1. Has segment 168-190 got at least one residue that is of a type in the set (A, V, I, L, M, F, W, C), within 19 Å of S238 (Cα to Cα) and out of contact with any Asp or Glu (no Cβ under 6 Å at 6 or more places or on another chain)?
2. Can you say whether A114 is assigned to a helix (DSSP H, G or I), crowded, with 21+ Cβ neighbours inside 10 Å and hydrophobic (A, V, I, L, M, F, W, C), as far as the supplied structure shows?
3. Determine which single condition K22 fails, assuming it passes every other condition in (1) surrounded by fewer than 19 Cβ atoms within 10 Å (Cβ to Cβ); (2) assigned to a loop (DSSP other than H, G, I, E, B).
4. Let me confirm something: among L163, L170, which residue is in contact with a helix residue (DSSP H, G or I) (Cβ under 6 Å, 6 or more places away or on another chain), outside any helix (DSSP H, G or I) and within 28 Å of P39 (Cβ to Cβ)?
5. Considering only residues of segment 277-295 that are surrounded by 21 or more Cβ atoms within 10 Å (Cβ to Cβ) and in contact with a Ser or Thr (Cβ under 9 Å, 6 or more places away or on another chain), which is modelled with the lowest pLDDT?
6. Which of the residues belonging to segment 264-276 are at pLDDT below 80 and either within 21 Å of V329 (Cα to Cα) or in a helix (DSSP H, G or I) (or both)?
7. Residues that are buried (at least 21 other Cβ atoms within 10 Å of the Cβ) and of a type in the set (G, A, S): find the strands (runs of 3 or more DSSP E) completely inside segment 189-256 holding 1 or more of those.
8. Hey, does segment 15-32 have a residue that's in contact with a helix residue (DSSP H, G or I) (Cβ under 7 Å, 6 or more places away or on another chain), more than 27 Å from K221 (Cα to Cα) and either modelled with pLDDT of 95 or more or hydrophobic (A, V, I, L, M, F, W, C) (or both)?
Amino acid sequence: MATLELRNVNKTYGAGLPDTLKNIELSIKEGEFLILVGPSGCGKSTLMNCIAGLETITGGAIMIGDQDVSGMSPKDRDIAMVFQSYALYPTMSVRENIEFGLKIRKMPQADIDAEVARVAKLLQIEHLLNRKPGQLSGGQQQRVAMGRALARRPKIYLFDEPLSNLDAKLRVEMRTEMKLMHQRLKTTTVYVTHDQIEAMTLGDKVAVMKDGIIQQFGTPKEIYNNPANQFVASFIGSPPMNFVPVRLQRKDGRLVALLDSGQARCELALNMNDAGLEDRDVILGLRPEQILLAAGEGNGSSSIRAEVQVTEPTGPDTLVFVQLNDTKVCCRLAPDVAPQVGETLTLQFDPAKVLLFDAKTGERLGTASSSPTQGHADNVAQFKGR
């Protein structure tokens with residue numbers, strides 16, 4: 001295992017072309033699991049390839065441990081990579097696929113046999129060792145590709161969207177297996193994905209990328225609760241954060257955000273004193289689970305009556321959609337809440353959870369603070385008693 005540090009890494013494919021990677025700064029500790037997440041074309045796979053040595057950086061340095069590997073070939077970096085396509089040798093058995101890299105390194109056969117047995121047991125593929133890749137399911141092929149990487153015991157493991165070719169159920173199962181494997185082995189790992197659920201559930205640290213730039217780097221909790229900008233807030237979270245255009249005004253010495261549901265208006269009081277936000281159009285961000293069903297008529301300064309337009313029962317919760325400031329807003333309510341389309345609900349906001357973003361740049365402006373509202377249990381009881 002080793003630490004990994006990227007120092008001002010840049011990548012361009014030619015003079016006059018825009019940079020694919022721009023001033024990438026990252027550092028992970030020995031044994032940490034780093035997720036590179038972002039939409040297609042954001043540069044995450046290019047960055048992975050640069051770490052592996054499959055692409056040459058045009059500026060900066062890549063440090064593995066205390067060694068600068070920027071100019072080294074892939075075989076000298078002591079890394080192992082699992083690709084999206086698995087890249088198994090179709091004419092070789094599972095055992096031969098796992099052995100291949102070890103034989104190239106001229107490891108004694110007894111050590112090779114022991115290593116194959118170790119990873120086969122770890123990944124529960126002992127019964128598959130004599131089969132060919134064409135005889136395996138997608139999940140089994142993915143395990144073999146992981147086994148080939150694990151058998152090498154490199155300093156760093158690199159995974160490039162290894163679960164994207166699996167069906168939804170198998171992806172969930174393999175995600176759990178990968179997390180258990182990392183907890184057992186404590187391997188330094190870099191994992192590329194476009195799936196924000198994988199990012200939130202697998203990573204010790206997450207780097208959210210867009211247009212070759214790291215928008216935010218931190219723990220999953222930090223990124224979810226304190227997104228640096230509107231892009232990060234929208235990309236991390238499912239359902240995504242609600243974004244409502246609002247006008248900020250000052251009333252009784254406090255900033256308020258004006259909300260209109262078409263049936264009622266609300267002056268949501270924000271405990272902020274930034275004079276620069278007064279009389280300004282901004283974007284209010286609020287996650288679906290932070291919009292609750294109010295008790296009774298609610299608090300007039302932090303609740304509003306709104307008509308239900310769509311409901312989506314999901315099992316563990318109910319998604320309810322309303323309109324605020326002519327914008328569709330998703331509310332994640334308890335599973336026992338089942339309002340009808342056209343019904344009017346009183347929704348409660350927690351000003352402490354409100355995020356504000358610049359309407360032009362999308363940059364984070366600030367966070368309001370207040371006392372928390374009641375939880376789902378009270379909301380369900382109040383809904384049933386209406």
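The values are calculated or read from the model by the stated rules, or taken from the named source; none is laboratory data. In this text the structure is predicted, and so the values were computed from the model without any measurement. Note: ideal-geometry Cβ built from the backbone for every residue, glycine included; neighbour counts use all protein chains shown.
1. First, the residues of segment 168-190 that are of a type in the set (A, V, I, L, M, F, W, C): 168, 170, 172, 174, 178, 180-181, 185, 190.
With within 19 Å of S238 (Cα to Cα) added as a condition, the list becomes 168, 172.
Now restrict to residues that are out of contact with any Asp or Glu (no Cβ under 6 Å at 6 or more places or on another chain): 168, 172.
Yes - at least one qualifying residue is present in segment 168-190.
2. Working: assigned to a helix (DSSP H, G or I): yes; crowded, with 21+ Cβ neighbours inside 10 Å: no; hydrophobic (A, V, I, L, M, F, W, C): yes.
No; evaluated as a whole, the condition is false for this residue.
3. (2)
4. Details: L170 fails: outside any helix (DSSP H, G or I).
From the options L163, L170, the qualifying one is L163.
5. For segment 277-295, the residue satisfying everything is A294.
6. From segment 264-276, those at pLDDT below 80 are 271-276; that's our starting set.
Matches in segment 264-276: A275, G276.
7. On the way: elements: 205-210, 213-218, 242-251.
By residue number, 205-210.
8. Start the filter on segment 15-32 by keeping residues that are in contact with a helix residue (DSSP H, G or I) (Cβ under 7 Å, 6 or more places away or on another chain), which leaves 20-21, 24.
Then drop every residue that is not more than 27 Å from K221 (Cα to Cα), which leaves 20.
Checking which are either modelled with pLDDT of 95 or more or hydrophobic (A, V, I, L, M, F, W, C) (or both) leaves us with none.
No, there is no match, as no residue in segment 15-32 is in contact with a helix residue (DSSP H, G or I) (Cβ under 7 Å, 6 or more places away or on another chain), more than 27 Å from K221 (Cα to Cα) and either modelled with pLDDT of 95 or more or hydrophobic (A, V, I, L, M, F, W, C) (or both).
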